[in-house]
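The values are calculated or read from the model by the stated rules, or taken from the named source; none is laboratory data. Computed from a prediction, not measured in an experiment: that's the story for all the values here. With ideal geometry, Cβ positions are generated from the backbone for all residues, glycine too; neighbour counts draw on all protein chains shown. We work out accessible area using only protein heavy atoms, side chains counted, and drop any ligands, DNA or RNA first. Shrake-Rupley method; radii C 1.70, N 1.55, O 1.52, S 1.80 Å.
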Amino acid sequence: MKRIIAILMASLLLLSLCGCGSSLSRYESIFTDLFDTDCTFTAYCSSDEEFEEVSAAVYAELSRLDALFDIYDGGEGSLKELNDTGILENADEDIINLLELGINFYSLSGGKLNIAMGSVLSLWHDARETGILPDDSELAEASNHCDITCLAIDGDTITLGDPDMSIDVGSIAKGYSADIVAELVSSYGIESFALDLGGNVKTVGEKPTGKWVIGIEDPNGGILKTVEVSDLSVVTSGDYERYTVIDGVTYSHIIDPDTLYPAEYYRSVTVICESSSLGDVLSTSLFCMDVESGKELASEMGVEVMWVYADGSTESNS
């Protein structure tokens with residue numbers, strides 16, 4: 001799981017900021033039943049009623065997107081239906097947009113981000129559930145069904161050309177959803193808010209007291225670094241939040257498409273950029289690249305990156 005702690009340098013209580021020359025108050029909602037993580041919405045609003053209305057809209061939209069992108073329990077019209085049947089007709093626009101994002105970034109990342117790798121990822125999902133490593137022959141066979149060119153989008157119809165392939169958007173769904181929900185919140189006239197979807201943090205505007213202060217988690221515990229941002233996203237991929245230990249060896253959930261095993265270059269990679277979608281796909285991609293290749297891609301995309309190595313040292317491109 002992508003994991004970041006959002007440190008909001010204001011009271012953790014819902015306190016009025018009148019003393020700071022503002023009539024806005026800080027409010028926060030935490031949703032624990034979406035995207036398999038805790039989702040936190042923090043906003044500065046003029047009244048309880050205003051926040052309650054916006055918070056309810058945020059929850060409803062996140063619930064809708066979560067159901068669409070769910071490959072395990074999603075219902076009619078979801079990616080689960082696509083994986084189960086090989087075809088999805090009258091597909092929701094957000095599913096189409098998300099898949100197109102994945103297709104486009106497959107090339108940009110040199111194949112390091114592949115949303116068509118569901119057959120391989122499902123073996124590692126089973127390993128986390130059972131504590132039994134997937135067999136190399138199973139992984140090799142599954143890798144034969146990860147050709148992203150078999151994913152076809154024609155209007156609002158999506159088809160999988162390989163009946164044994166499946167789509168997994170875990171590497172991009174939260175980032176995309178954060179961008180969509182941010183647009184929704186802004187449409188209510190809210191100018192200062194932050195959305196944290198399990199560590200994928202998107203900020204809009206500033207707090208009445210200044211920029212948002214986001215803490216980047218140390219994989220060994222605590223906060224490694226803080227950054228001050230506004231109108232930016234801070235997204236981290238790491239090996240320390242979702243993993244399994246089998247026979248004394250720790251295996252993270254981020255699988256390198258080239259090796260079919262968890263990537264081992266870093267403990268975490270943090271990307272800072274405007275788009276949460278871009279931050280999500282880049283943090284996963286860079287986690288599976290050597291640092292020099294990663295720096296080239298980061299430069300090409302115009303983003304700020306921090307790499308954290310196993311010995312605790314860090315490297316940045318800024």
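Descriptive notes on the structure:
- Any chance Asp48 is more than 19 Å from Val181 (Cβ to Cβ), open to solvent by 10 Å² or more (accessible area, probe 1.4 Å), over 19 Å from the mean Cα position of the chain (by Cα) and modelled with pLDDT of 95 or more: yes
- Condition met for Gly161 (within 22 Å of the chain's Cα centre (by Cα) and either surrounded by fewer than 18 Cβ atoms within 10 Å (Cβ to Cβ) or under 24 Å from Ser277 (Cα atoms) (or both)): no
- Checking Leu8 against (1) surrounded by fewer than 17 Cβ atoms within 10 Å (Cβ to Cβ); (2) modelled with pLDDT under 95; (3) not charged (D, E, K, R), the condition it does not meet: (1)
- Hey, Glu138 open to solvent by 50 Å² or more (accessible area, probe 1.4 Å) and under 18 Å from Ser276 (Cα atoms) or not: no
- Taking the numbered list (1) in contact with a Phe, Trp or Tyr (Cβ under 9 Å, 6 or more places away or on another chain); (2) surrounded by 14 or more Cβ atoms within 10 Å (Cβ to Cβ) in turn, Glu228 passes all entries but (2).
- For the condition over 18 Å from the mean Cα position of the chain (by Cα) and either buried (at least 22 other Cβ atoms within 10 Å of the Cβ) or at positive phi (or both), Gly118 does not qualify.
- Within the stretch 143-166, tally of residues that are free of Cβ contacts under 8 Å to residues at least 40 places away in the same chain and either among the charged types (D, E, K, R) or not in a loop (DSSP other than H, G, I, E, B) (or both): 6
- Subset of the stretch 240-261 that is outside any loop (DSSP other than H, G, I, E, B) and out of contact with any Phe, Trp or Tyr (no Cβ under 8 Å at 6 or more places or on another chain) - its residue that is least open to solvent (accessible area, probe 1.4 Å): Ile246
- All conditions but one from (1) open to solvent by less than 50 Å² (accessible area, probe 1.4 Å); (2) within 29 Å of Tyr27 (Cβ to Cβ); (3) under 19 Å from the mean Cα position of the chain (by Cα) apply to Glu274; the one that does not is (1).
- Between Glu264, Glu315, Glu296, the distinction of being assigned to a strand (DSSP E or B) and either among the β-branched types (Val, Ile, Thr) or surrounded by fewer than 23 Cβ atoms within 10 Å (Cβ to Cβ) (or both) belongs to Glu315 only.
- Only a single item in (1) in a helix (DSSP H, G or I); (2) free of Cβ contacts under 8 Å to residues at least 60 places away in the same chain; (3) surrounded by 17 or more Cβ atoms within 10 Å (Cβ to Cβ) is not met by Glu100, and it is number (3).
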